1. If I ask for residues that are assigned to a loop (DSSP other than H, G, I, E, B), modelled with pLDDT of 95 or more and loosely packed, with under 10 Cβ neighbours inside 10 Å, which ones from the range 26-64 would you list?
2. Quick check on the range 65-112: of everything there that is hydroxyl-bearing (Ser, Thr, Tyr) and outside any helix (DSSP H, G or I), which residue is surrounded by the most Cβ atoms within 10 Å (Cβ to Cβ)?
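The values are calculated or read from the model by the stated rules, or taken from the named source; none is laboratory data. Worth saying up front: this structure is predicted, and the values here are computed from it rather than measured. Cβ: placed from backbone, ideal geometry, glycine included. Neighbour counts: every protein chain shown.
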Amino acid sequence: MGVTNVMGRPAAVHAGEAKAGDALEAPALDSSEAIAPPVFPALMLSADQACRLLGIGRTTLWGLVRDGAIGSVKTGSRLQFPLPIVEEYVAAQVAKARETAERRQRLRGRRR
């Protein structure tokens, strides 16, 4: 079947092909004219979202929560993870990795 309009009737391919009684269609927008709805970042992440963002499994996430390495907020009966807290955890891990790399470089320099 061919292209149909919002009323389910066959859509005219060219403006000149429209027939009396056909529903009027809005002109198609190309990608540069498309209007995207506003996108709001999630401020609170579910456990699954936090796991995907961090690239870890649920067991590891719950271990981090238990150990106090990452904070969470209880909303009703579920735990949620505020995005700034997850970002702080990542920043702390990056700082720790840099510190470890620098320490290893210093140790290599002593051995030579």
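1. Result: Gly55, single match.
2. Among those residues, the one meeting the criterion is Ser72.
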